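K.L.:
Sending over a structure as structure tokens; questions will come in a sec.
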Amino acid sequence: MFRDPQVVARTTQKGCSFFSLFFHGSNLATQWGSFGSFGLLSVYPDFWNQKIAQRLIEAVMEHFTQSGIQQAALFTFSNSPKHHAL
């Protein structure tokens, strides 16, 4: 069962950030000036429906706000059933 661990962020000097939640999921975010994008977001299937993706997206959006991002984009796959609601 998911026990609410902390999201860990690792950022490079070139504006690329990797967010992870132990081995439950991950999200890649990039920044170009005031534009940011994120995805590929992944969650291990055993942890689906436990708000892992929500926590990862919240961490990226907080990072974007603190970095002064004015426009953001999400990359996803059209054939992923979990992405259809996005």
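K.L.:
Please list the non-local residues whose amide H lies under 5 Å from the amide H of residue 25, H modeled 1.01 Å from N, same-chain partners needing a gap of 5 or more.
P.N.:
It is 44, by chain and number.
K.L.:
Sticking with this one: Of the listed peptides 55-65, 30-40, what is their order by residue-averaged count of other C-beta atoms within 10 Å, with the highest listed first?
P.N.:
In descending order of packing, they fall as 55-65, 30-40.
Bear in mind that the values in this text are calculations on the coordinates, not laboratory data. Please read these numbers as outputs of a predicted model, since none were measured by experiment. We place every Cβ from the backbone using ideal geometry, glycine too, and count neighbours over all the protein chains shown.
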